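Written below as structure tokens is the structure these notes are about.
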Amino acid sequence: MESDIFGKNKNMCITITLVVLLCLAIGYGLYQKRKTYRMIDRLLDNVLNQEIVVYSDLEEGEYSALISKIKQIQEVLGNHVKIAEIEKEQVKSLVSNISHQLKTPLANLSLYAEILEKSELPQEQRVKFANKLQRQVEKLNWIIESLSKMVKLEQNIDGFEVKNTGIKPTILDAVDTVYEKLEKKGINLTIEPFDDKVLYHNRKWTAEVFVNLLENAIKYTDKNGIISINMKVYELYTEISVSDNGRGIRQEELTDIFKRFYRSTEVENMEGSGIGLYLSNLILEKEKGYITAVSEYGKGSCFSVFLQNCKN
């Protein structure tokens, strides 16, 4: 009888012990869950408040992987914020520069239109100001087209197909575009004879590069000056250079001329927008090519375009 009572008490003790252990296990589990929740909550607050996540005492524990992931998320979000801030500043700068570029031709258009409205204006003067107005319209169109091209290239809006194709037709396209300006200013253009070379480029956009270089050479070279186009073939690249004996560029400005909207203070009163060289550099980057410039102030400049040779 006593053995039965002892056995029942023993079983009851075991049952109670198991129940207590189970309760402790459940309690500990709930505690750990709350602890984990509080820790995750603090970590997420750190991320949302852009505060540095510091939990070095737990880095070797069971939460180290979680903390590591949250730190990575914080770094990614931080990078996105930085990129967004940079893009915001770029947009502000772009809008400011565009406003500056359009201000002068728009003011001139308004002025010439006002003058042309005067009924007492002689016919000769009327024709003169009508021609000036037309030139401002053309300048405005050119600026808008250049800005459109720049945005398309920067944002990859337009399909930019690059392939292996002959460079001679590309160069001749550019020469044909500026030929009238060459003749009007009496500038002598010399092209060193060369065999056509298949290079990795986009014919339309690369012709735009050479048009920009030739137009700059024409603009900054005096009447009856000389512009020359030469080509040299190297192992990996082919160099096409456009040289002139114009006013040249100061050495301290050579690092700035490819920046967007950059214009030297010495040519601020001359026609131009500071887009051409930036656009040219952008085009060549997409073709895995590049451009360099050397110049001697007062004696002329040489711009060299390097395009990849066709891989056989």
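Each value in this text was obtained by applying a stated rule to the coordinates, not by laboratory testing. Quantities reported herein were computed from a predicted structural model and do not represent experimental measurements. For neighbour counting, all protein chains shown are included, and Cβ atoms are generated from backbone atoms with ideal geometry for every residue, glycine included.
Before moving on, here are some points about what is shown:
- When the C-alpha to C-alpha distance is required to be over 22 Å, the pairs from Lys103/Lys139; Lys168/Lys232; Lys197/Lys299; Lys103/Lys286; Lys152/Lys197; Lys163/Lys204 that qualify are Lys197/Lys299; Lys103/Lys286; Lys152/Lys197.
- The stretch 127-180: C-alpha gyration tensor shape, a/c 1.5 cut-off, then a/b vs b/c: oblate
- When Val137, Val81, Val211 are sorted by how many other C-beta atoms sit within 10 angstrom of their C-beta, beginning with the fewest, the order is Val81, Val137, Val211.
- Applying 1/(1 + (r/R0)^6) with R0 = 41 Å to the Cβ-Cβ distance of Asn224 and Phe160 gives a FRET efficiency near 0.60.
- Ordered by the count of other Cβ atoms within 10 Å of each Cβ, fewest first, Glu208, Glu85 give Glu85, Glu208.
- Residue order for Asp195, Asp244, fewest other beta carbons within 10 angstrom first, comes to Asp195, Asp244.
- Stretch gain in nm, segment Val198-Leu121, where the contour uses 0.36 nm per residue and the Cα spacing is subtracted: 21.9 nm
- For the pair Glu75 and Thr255, the difference between a 0.36 nm per residue extended length and the Cα-Cα distance amounts to 61.5 nm.
- Full-stretch length increase - Glu145, Leu111 - with 0.36 nm per residue and alpha-carbon distance subtracted: 9.9 nm
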